[in-house]
Amino acid sequence: MAMPQPTVKTESRATQQPEKKRYASAFLDHLVRNRIITDKVATDASNFLREQKGTEKNRIVDVLANDFAIAKDVLSRELAQFYSFRIVDINERTLRRLDPQTIMKLIENLSGSTYRLAMRHKILPFETAEGASDKLLVVTPHPTDREASEVARAFPYAKHEICYLKEADWDEYWRQVSEQKNSVALGATNTPAEGFFEENEADLDVALDREIDRSQLINLVNNIFTDAVRVGASDIHIVPKGARKTDISLRIDGLLTPWYTIEDTRAEAVIAVVKGRGIGLDRFERMSAQDGQAQKVIDDQTVRFRMSVLPIISKEMGGKFESVVIRILKDANASVTLESIGLDSYSLEKFRDAINKPHGLVILTGPTGSGKSTTLVAALRTVMDPTLCTITVEDPVEYLLEGARQVKLNHKLSFDDAIRAILRHDPDIIMVGEIRDRATADIAIKLANTGHLTFSTLHTNDAATVVSRLFKIGVEPFLIAQALTVVVAQRLVRRLCDKCKRPASAVNPMLLQKYGFAEDEIEGLRLFEPVGCQQCVNGFKGRHAIHETLYVSEDIRELILSSGERIDTGAITRAAIRDGMRILRRSGLELAKQGISSVDEVVGATTID
């Protein structure tokens, strides 16, 4: 007898199909299941991410934290758990924990680019794995960043494991490491500090020597120089803030950024060591301004430093305090060309045309730190040739140019004497660092009008004002018109960070018109604004040059020649715009339209009043 077959319940086609993905990422589903976020938040975040085409892990965390006010520490910890990263407790002490000196040595032995990654992404060695001394545990608040593995592989261990450490704990861990390391470096002790107020200079110098000798302050100062180069700073500011406190700040992308504070060490001792690193500085002179220079090889690159020292007053009675600012001068590499410095098509065409002439005066103008020297280097590299004699006179020499004869000024050779002497040195191409006065201007004009291609700089707000400035210092209009071929005004604006920039939340059409946008280009205009992330500074990373190129056409030459007692800079600017010139503001707005910079950054960099 046949046995009855059991009844088998079959599922419908609908139930057999995989459930449609509800959110943009499985991580969002994880957050909903664990009641970190609500279903509505997950749905809204998914829609936003799909619109922005951004579903990578860190993007989800940033969106939820910035746009939905979810605590970032909670999200980062959940992300670490979701991807099975080990979570480290900073308070748990083990014998495997690396000591501060070992950690600093591991960090400092990294290459320049890897060191920058470690600092920007907050990645530090922590301890060796239990039972595996060749395996290093590396901690970071961002374990899903691919840079974490890149840095970890650079440490001298056969294996590594990336671990999660919440951001506040990482900051505390780094503070402890730095504090303990610098405590040793500075020779900190529990003994009372020596008396601060010496009766005379001899006593002060003896006390400073004792403090420097018993510490490793020299090593600490050298590390500051190295840090500044590795993070791409342009300047180092060293400023005493009291008897035993000195602040170190770095200028990164044009902004002064607090970097380090040296405490429990006399401010005069710190400055004495800094001055000792340079040539041309008198460590024992504290009442006058001084200029010096230094040179170091960092990460296989020769870096020069220009040092400026100024005496400053302080509330500390008897203190002989000085402020030191150090400009970092890295030689421009071969990638610095006219095409790479950001010239728009019109500027590139006219600039090339001017510098390819056998003679004439080419002037770069803009404030200090606007990139004029970099543009000059690119121009000189374009025209230099072994068959031509190229001479530069600068104070100081910022870039070393192979193939050029660069004049070094000294106490026996002044700037004026040098530029007069080069007339007798059979030059073809000449670069005069700066037109400072009537005498310098006369020589630059004479050089240009006697068959020499001459480059120089001025400090004016725009291109047309250069003509007015030359006239005001005494150069006749007919000489200006005859000599001048092109003027390029330049500024640097900060670039938006590509990792975190977002579309501008509010756009006021009337305000955009006021800034310089045409009414017909505002509709559909897509602008971006800074946000800020671990890879940038307040939403910006790096800088981009903008230019205003005034090519001296026949019309502009006639305007200069017909000038009476004043130069009409407005008429010159209008004529140049008709020829195709973009004013600085317009060049910057083009970068904003391309999403390279923000409107506020451009307006701030190009506002003259």
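The values are calculated or read from the model by the stated rules, or taken from the named source; none is laboratory data. Model, not experiment: these values are computed from the prediction. All Cβ positions, glycine included, derive from the backbone under ideal geometry; neighbour counts span all protein chains shown.
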- Task: Count, please, the residues in the range 113-130 that happen to be touching a strand residue (DSSP E or B) at 6+ places or on another chain (Cβ under 7 Å) and not aliphatic (A, V, I, L, M).
- Result: 6
- Query: Just for the range 580-597: of the residues that are part of a loop (DSSP other than H, G, I, E, B) and within 22 Å of the chain's Cα centre (by Cα), which one is surrounded by the most Cβ atoms within 10 Å (Cβ to Cβ)?
  - Reply: Ser597
- Scan the range 426-448 residue by residue and report those that are closer than 17 Å to Thr465 by Cβ and without any contact (Cβ under 8 Å) to a residue 24 or more places away in the chain. Arg436
- Message: Can you report the number of residues in the range 439-477 which are of a type in the set (A, V, I, L, M, F, W, C) and surrounded by fewer than 18 Cβ atoms within 10 Å (Cβ to Cβ)?
- Response: 2
- Check Arg491, Arg469 and return the single one that is more than 23 Å from Thr392 (Cβ to Cβ) and of a type in the set (Lys, Arg). Arg491
- Note on the structure: Reported set for the range 550-579 where residues are surrounded by 13 or more Cβ atoms within 10 Å (Cβ to Cβ) and part of a loop (DSSP other than H, G, I, E, B) is Val552, Ser553, Ser563, Ile567, Asp568
- Message: As an exercise: evaluate Ala332 against (1) small (Gly, Ala, Ser); (2) modelled with pLDDT under 85; (3) more than 30 Å from Phe455 (Cβ to Cβ) and give the number of the one condition it does not meet.
- Response: (3)
- Note on the structure: So the strands (runs of 3 or more DSSP E) completely within the range 210-315 holding 1 or more residues that are at pLDDT below 85, over 28 Å from Arg116 (Cα atoms) and outside the structural domain of Lys408 (by TED's automatic domain parsing) are 235-242
- Query: Is there any pair linking a residue in the range 65-78 that is over 14 Å from Leu28 (Cβ atoms) to one that is at pLDDT 90 or above and not in a loop (DSSP other than H, G, I, E, B), with Cβ under 8 Å and at least six apart or on different chains, and which?
  - Reply: Ser76/Tyr164; Arg77/Ile87; Arg77/Tyr164
- Inside the range 492-513, can you point out the residues that are surrounded by fewer than 20 Cβ atoms within 10 Å (Cβ to Cβ) and in contact with a Ser or Thr (Cβ under 9 Å, 6 or more places away or on another chain)? Ala504
- Query: When you look at Thr440, is it assigned to a helix (DSSP H, G or I), β-branched (Val, Ile, Thr) and either within 23 Å of Pro396 (Cβ to Cβ) or over 36 Å from the mean Cα position of the chain (by Cα) (or both), yes or no?
  - Reply: yes
- Message: Condition first: more than 30 Å from Arg120 (Cβ to Cβ), under 34 Å from the mean Cα position of the chain (by Cα) and touching a residue at least 12 places away in the same chain (Cβ under 8 Å). Can you find one or more residues in the range 556-564 that meet it?
- Response: no
- Message: I'd like to know if the range 350-371 contains one or more residues that are surrounded by fewer than 23 Cβ atoms within 10 Å (Cβ to Cβ), out of contact with any Gly (no Cβ under 6 Å at 6 or more places or on another chain), free of Cβ contacts under 8 Å to residues at least 60 places away in the same chain and small (Gly, Ala, Ser).
- Response: no
- Members of the range 470-500 that are touching a strand residue (DSSP E or B) at 6+ places or on another chain (Cβ under 6 Å) and part of a helix (DSSP H, G or I): Ala483
- Message: Considering only the range 333-348, I want to know if a residue exists there that is in contact (Cβ under 8 Å) with a residue 24 or more places away in the chain, surrounded by fewer than 19 Cβ atoms within 10 Å (Cβ to Cβ) and not in a loop (DSSP other than H, G, I, E, B).
- Response: yes
- Query: Which members of the range 107-148 meet the condition of being part of a helix (DSSP H, G or I) and either within 23 Å of Thr94 (Cβ to Cβ) or of a type in the set (Lys, Arg) (or both)?
  - Reply: Ile107, Arg116, Ala118, Arg120, Arg146, Ala148
- Item | Failed item, numbered, when Arg543 is tested on (1) buried (at least 18 other Cβ atoms within 10 Å of the Cβ); (2) more than 26 Å from Asn461 (Cβ to Cβ) | (2)
- Message: Take Thr606 and tell me if it is polar (S, T, N, Q), modelled with pLDDT of 90 or more, surrounded by 14 or more Cβ atoms within 10 Å (Cβ to Cβ) and in contact with a helix residue (DSSP H, G or I) (Cβ under 7 Å, 6 or more places away or on another chain).
- Response: no
- Task: Could you pull out the residue among Glu398, Glu434, Glu402 that is assigned to a loop (DSSP other than H, G, I, E, B), farther than 26 Å from Gln301 by Cβ and within 28 Å of the chain's Cα centre (by Cα)?
- Result: Glu434
- Which condition number in (1) over 30 Å from Arg244 (Cα atoms); (2) modelled with pLDDT under 85; (3) surrounded by 14 or more Cβ atoms within 10 Å (Cβ to Cβ) is the one that Gly319 fails? (1)
- Exclusive hit being at pLDDT below 85, over 19 Å from Leu256 (Cα atoms) and outside the structural domain of Arg578 (by TED's automatic domain parsing), set Glu519, Glu529: Glu519
- If we keep just the residues of the range 379-433 that are under 23 Å from Pro367 (Cβ atoms) and at pLDDT 85 or above, which is surrounded by the fewest Cβ atoms within 10 Å (Cβ to Cβ)? Leu380
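Residues checked against (1) free of Cβ contacts under 8 Å to residues at least 24 places away in the same chain; (2) in contact with a Phe, Trp or Tyr (Cβ under 8 Å, 6 or more places away or on another chain); (3) closer than 27 Å to Lys408 by Cβ:
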position: Asn222; (1), (2), (3): no, no, yes
position: Gly254; (1), (2), (3): no, no, no
position: Phe305; (1), (2), (3): no, yes, yes
position: Val309; (1), (2), (3): no, no, yes
position: Ile312; (1), (2), (3): no, yes, no
position: Ser323; (1), (2), (3): no, no, yes
- The residue from Val552, Val537 that alone is touching a Ser or Thr at 6+ places or on another chain (Cβ under 6 Å) and outside the structural domain of Gly254 (by TED's automatic domain parsing) is Val552
- Message: When you check Gly360 against the structure, is it at pLDDT 90 or above and at positive phi, yes or no?
- Response: yes
- Query: Within the range 117-176, can you find the residues that are of a type in the set (Gly, Ala, Ser) and under 20 Å from Ala71 (Cβ atoms)?
  - Reply: Ala168
- Query: Given the conditions (1) surrounded by 15 or more Cβ atoms within 10 Å (Cβ to Cβ); (2) over 19 Å from Gly532 (Cβ atoms), which single one is not true for Ser84?
  - Reply: (1)
